[in-house]
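Engineer: Below are the structure tokens for one structure; questions will follow.
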Amino acid sequence: MTTRGEKFLNSLKDGRKIWLEGQTVDDLPKHPAFQGTLKTITGLFDLLDDPHRRDEVGYLQPSLGRYVHSSFLVPYSKEDILTRSKAFTCWAKETNGIMSRLSDYGRSMITGWYADREEISKRDSGFQAKIEKYYESARDNDLFLTTAILDPQIDRSRELSDERISERFLHVVKETSEGIIVRGAKMIATGAPYTHDFIIFSFLQLKKENKEHSHVLIVPANSKGLHIVCRESFADSREKEHILSSRYEEMDAVLFFDDVLIPWERVLLYGDSESVLSLRNNKTANSLAFHQTVVRSVAKLEFVTGLAFAISESIGVTGFLHIQEKLGELLTQVDTMRALVIASETKAAPNASGVWLPEISFIDTARNIGTKIYPRAIEILQQVGGGGFVQTPSSMEDFYGPISKFMHLYFEGASVSSEKKVKLFKLAWDLIGSPLGSRHELYERFYAGDPVRSYANQYLNTNKSSYIDPIWKLLQETSKG
């Protein structure tokens, strides 16, 4: 019997055009830049077929008679929120929080639009039938989904009214009976080489006259004329030397659309900038999708904290007060993020359609402070290990060669063997000093958007009267006295 993981791998042989190092990738599952990552993902997919673990990641879908991933579960109770959270936690812990776009984010966005389809359809009557059909297809076929919502960095000082910009940002060049034809580029598509479909929309503040740029699309990865242009691969096949880079290299890509036809059933919205902006800000979809990002962040911070603890013990520095302070700071980070997740789930409530949503204010807070917490966690890890990170040997094979005696003598730790200590430091280095690690620090700073704008939006979207009214009340009482 073919497993879900095997079906996933087989589905990637669909003619998609992936560019890496100036060449197209002919056999994605066998390419060394993707092998380790795809092995990880197939293992995650296979959990749904494991009778001992499928309840951790999925729920029984009556129409299919089998389990599907809980990111597709429309929550109609607080228990459903917790079921979704459990699935996010499972995948995040399986990958130590390192793989940020494991499809549960994109799937949650589609699920949110589906759950709110009647309300959204008030702006576009065709939306409901399209999202119903696509949601069911994605759910029933275990589709891997990712987003590409940013526009290429060409000249940020210029606006969409500038022809240099408007012609390069993704836009519609023609309408046909089959669909729309689009041209331009989108970024940053994490997981692009192995996704089934891209969720495409714009982060621009679109205006009424921007009809050709106003769209929400579901684009198959193997669309004719679509080029998936990968950055340099950070994968490393030497698993003993690079445990994380050999398993969790997600890959990021820029998408080139060379007159790509998008069938009408995949054009969720088109032509109305207000409708596109409204969908982008849809609270149901954002609450469900952003919830996943914070659950993953907790797992990642737990992993960094565990690494820092283990390294501190291995070199005998846990008795020093300044080290204890730093390790305690890591614990406060983890507990803060955990508490915000718990608060968002505890304060979950139904919206007007009866769909339960985690409280997004706590999620927004977690996403905002996460942009500062993670870089600080990495800094602490660097400070705890210090020069030990650049003293590890080039290969674990040195423990079995001519200088084995010296290796065991001079790399020994305070509480672990020399071999274990070197493995531990190599693992940590993969997170703080390798190309993969550097990419992750950059990612965590910006994945939620511009941090300055995110903080500002949190202020702008908050009901400020509950904070301000007590101030004026106190002053009023004082003036009476």
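Engineer: Using the Kirkwood formula on the Cα atoms of segment 347-415, what hydrodynamic radius do you get, in angstrom to one decimal?
Structural biologist: 16.9
Engineer: Which helices, taking whole DSSP H runs in the chain, have alpha carbons extending 18 angstrom or more along the helix axis plus mean Kyte-Doolittle at least 0.0?
Structural biologist: 283-314, 321-346, 360-385, 418-432
Engineer: List the pairs from Lys39/Lys130; Lys240/Lys405; Lys300/Lys372 whose alpha-carbon separation is above 25 Å, in the order I gave them.
Structural biologist: Lys39/Lys130
Engineer: Given the alpha-carbon gyration tensor of segment 36-82, what are the semi-axes of its equivalent ellipsoid in whole angstrom, ordered largest first, with each equal to the square root of 5 times an eigenvalue?
Structural biologist: 22, 13, 9
Engineer: Please give the net charge around Asn463, taking every other residue with its beta carbon less than 14 angstrom from that of Asn463, where Lys and Arg add +1 and Asp and Glu add -1.
Structural biologist: -2
Engineer: With runs of 4+ DSSP H residues as the only contributors, calculate the mean residue ellipticity of the chain at 222 nm using -39,500 (n - 2.57) per run, divided by the residue total and rounded to the nearest 500.
Structural biologist: Helix-only estimate at 222 nm: -15000 deg cm²/dmol.
Engineer: If you don't mind, another one. Along Cα→Cβ, 7 Å out, is where each label goes; now give me the distance between the ones at Lys122 and Phe446 in nm to one decimal.
Structural biologist: With each label point 7 Å from Cα toward Cβ, the separation is 3.7 nm.
Engineer: Net charge around Thr336, counting only other residues with Cβ within less than 13 Å of its Cβ (Lys, Arg = +1; Asp, Glu = -1)?
Structural biologist: Taking every other residue near Thr336 into account, the sum is +1.
Engineer: Using only the Cα atoms, work out Rg/Rh for segment 1-102, with Rh taken as the Kirkwood radius, to two decimals.
Structural biologist: Result for segment 1-102 is an Rg/Rh of 1.04.
Engineer: When 1/r is averaged over all different Cα pairs and the result inverted, which Kirkwood radius in Å belongs to segment 195-316?
Structural biologist: 18.2
Engineer: Now for a different question. Which of the lysines could a cross-linker bridge to Lys347, judged by Cα under 22 Å and excluding same-chain residues fewer than eight apart?
Structural biologist: Hits, sequence-local ones excluded: Lys78, Lys86, Lys283, Lys464.
Engineer: Averaged per residue, what accessible area in Å² does the chain show with a 1.4 Å probe, protein chains only?
Structural biologist: 47
Engineer: Modelling each spin label as a point 7 Å along the Cα-to-Cβ direction, I'd like the Ser161/Ser361 distance in nm, to one decimal.
Structural biologist: The modelled label-to-label distance comes out at 3.8 nm.
Engineer: OK, next. So what is the relative contact order of segment 135-245, in percent, for Cα pairs below 8 Å that sit 6 or more residues apart?
Structural biologist: 26
Engineer: In percent, how large is the relative contact order of the chain, given Cα pairs closer than 8 Å and 6 or more residues apart?
Structural biologist: Reported relative contact order: 15 percent.
Engineer: Would you mind listing how long segment 380-481 runs along its three principal axes, going by Cα atoms, in whole Å with the largest first?
Structural biologist: 87, 32, 16
Engineer: First compute the accessible area of the chain with a 1.4 Å probe, then give the percent of it belonging to carbon and sulfur atoms.
Structural biologist: 52
Engineer: Then there's this: So if the hydrodynamic radius of segment 176-231 is defined as the Kirkwood radius over C-alpha pairs, what does Stokes-Einstein give as its diffusion coefficient at 4 °C and 1.567 mPa s, in µm² per second?
Structural biologist: Translational diffusion coefficient: 101 µm²/s.
The values are calculated or read from the model by the stated rules, or taken from the named source; none is laboratory data. Predicted model, so just to flag it, every value in this text is computed and none were measured. With ideal geometry, Cβ positions are generated from the backbone for all residues, glycine too; neighbour counts draw on all protein chains shown. All accessible areas refer to the heavy atoms of the entire protein, side chains included, with ligands and DNA or RNA removed. Shrake-Rupley method; radii C 1.70, N 1.55, O 1.52, S 1.80 Å.
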